[in-house]
Amino acid sequence: MAIPRQALLNLSIFPTTTLVNERDHLVLGGCDAVELAARFGTPLYVFDEATLRGQCRAFKAEFGQRYPDVSIHYACKATITVGLARIFKEEGLGLDVVSLGEFAIVRAAGYTPEGIVFHGNNKGPDELRQAMAWGIGRIALDNFHEIALAEGIAAELGRRQPVLLRVSPNVDPHTHEKTTTGVLDSKFGIPITTGQAAEAVRLIQASPHLELTGLHCHLGSPIFELEPYQTAIEVTFAFAAEMARRHGLQMREFSPGGGMAVQYLGPSPAPTIAQYARAVCDAVKAEAARWKLPLPRLMVEPGRAIVGQAGVALYTVGASKEIDTPQLQRKYVALDGGMADNIRPAIYGSRYEAAAASHVTSGPLEKVTLAGKYCESGDILVKDIELPRLAPGDLVAIPASGAYCIAMSSNYNAALKPAIVLVRDGQARLIRRRETFEDLLRCEVV
Ligand SMILES: *Cc1c(COP(=O)(O)O)cnc(C)c1O
């Protein structure tokens, strides 16, 4: 059967350098996926450097050409390693971090603290102290407990700490319940509608040790619509105008957070970065004009949209199981990874496409369910997908695996976390080696 390569590969979901070579192998960043698997083993996470840098540049260019003062902060929680952080640094991105662990990684890549924002809904005293002692650029205060803690620690260190206030604008971004953060019933941010955010502004403005530079909101992720950003900007600016009158707030900085989507499935394209940029920049300019506020510096915090498309997970096919009854036909094909390296399908019901990386277009099509190897029935990576027939030893690629896979990976079943390679112009560079049994045993007290 002649299958159009395009149809089986859905190139818009894969890294921009993706090709199929004359051996019918998937090629990423000029590297044959079968050779990558042979050299580095599987499961393997491959990041395409051209796609990564392209996304960094697109965010800077698309927002930069529509707004006078923008900084792009990569949200490290989406996936961070020293090697990736070096690239973000070269591309001139600021960062968001949510733990001292993320600090440690980006410091090792040579990041200095000024361009870093510290997020999280329960930053502890040790974390705040260390972040301030290090000279962190901004702390996004999330609740009253943190305001009091930060105030005390800044006083103790004799510092006037620049902070943002994370407000909850009560806007539903229509994404998964578990990744919705800007509604009233959320653990994140101080609600505007209850009057609590106004009280927080009053408290911070009264503090000699905290300097409130602006407001922050983050709605959730992934957000496939533009309108939630516009609504959140309207709500936050109306609040900022009220706070200017009541508490003398000068909103010199504003962040609409991150949440920009990437395409996971053939039929569900995400808005382009240009579309997000236009929606956000136009809304910020319009609201600033409406309330006669000076244009704040715009801090944009993409995580997923920077790394999602650049990452591809490679797995080797093992066992299979066929159920063929009048009520149920299903063929499970088991891969050598699964929920320990990508837990998103199990916790969010996330869906992915896949490709037969060792024979992208050859062989009869078969509907299969790609299962992981871990001891949970929910360890299914892709349910019911048509792929060229898979045999043991074949290679499967899952695209759009750059965000929140490695970052959420675990040692469940004492699995070893996979290696990560960076590919570019036919060269593959290991940026995180596969874990070993020594790594697993390192913390054991025997
Ligand atoms: C998670 C998070 C982001 C990034 O979200 P993405 O969906 O990965 O773009 C940005 N800002 C804050 C405060 C976050 O918590």
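Quick check on this structure: which one of P418, P399, P364 is more than 26 Å from A78 (Cα to Cα) and in contact (Cβ under 8 Å) with a residue 12 or more places away in the chain?
So the residue among P418, P399, P364 that is more than 26 Å from A78 (Cα to Cα) and in contact (Cβ under 8 Å) with a residue 12 or more places away in the chain is P364.
Taking the condition of being among the small types (G, A, S) and within 20 Å of the chain's Cα centre (by Cα), how many residues in segment 110-125 meet it?
Final tally of qualifying residues: 2.
Considering only residues that are in contact (Cβ under 8 Å) with a residue 60 or more places away in the chain and more than 16 Å from the ligand (Cβ to nearest atom), look in segment 208-253 and name the one that is nearest to the chain's Cα centre (by Cα).
Looking at residues that are in contact (Cβ under 8 Å) with a residue 60 or more places away in the chain and more than 16 Å from the ligand (Cβ to nearest atom), I get T231.
Is it the case, given these coordinates, that F118 is among the aromatic types (F, W, Y) and within 16 Å of the ligand (Cβ to nearest atom)?
yes
Out of segment 155-199, which residues are hydroxyl-bearing (S, T, Y), within 16 Å of the ligand (Cβ to nearest atom) and part of a loop (DSSP other than H, G, I, E, B)?
T175, T181, S186
Just give me the residues in segment 124-135 being within 16 Å of the ligand (Cβ to nearest atom) and touching a helix residue (DSSP H, G or I) at 6+ places or on another chain (Cβ under 6 Å), in sequence order.
E127, the sole residue that qualifies.
Would you mind telling me which numbered condition in (1) more than 16 Å from the ligand (Cβ to nearest atom); (2) within 16 Å of the chain's Cα centre (by Cα) Q65 fails?
(2)
Considering only residues that are under 17 Å from the mean Cα position of the chain (by Cα) and not aliphatic (A, V, I, L, M), which ones fall in segment 92-109?
G94, D96, S99, G101, E102, F103
Just checking: which of the strands (runs of 3 or more DSSP E) contained wholly in segment 44-112 hold 1 or more residues that are charged (D, E, K, R)?
44-48, 94-97
Is it the case that L314 is away from the ligand (no atom under 16 Å from the Cβ), hydrophobic (A, V, I, L, M, F, W, C), surrounded by fewer than 23 Cβ atoms within 10 Å (Cβ to Cβ) and at pLDDT 95 or above?
no
Report the residue count in segment 308-342 for those that are part of a strand (DSSP E or B) and polar (S, T, N, Q).
Residues meeting the conditions: 3.
Which of (1) touching a helix residue (DSSP H, G or I) at 6+ places or on another chain (Cβ under 9 Å); (2) within 30 Å of V423 (Cβ to Cβ); (3) part of a helix (DSSP H, G or I) is the odd one out, the single condition A150 does not satisfy?
(2)
The values are calculated or read from the model by the stated rules, or taken from the named source; none is laboratory data. All figures in this text were calculated on a predicted structure; none of them were measured in a lab. For neighbour counting, all protein chains shown are included, and Cβ atoms are generated from backbone atoms with ideal geometry for every residue, glycine included.
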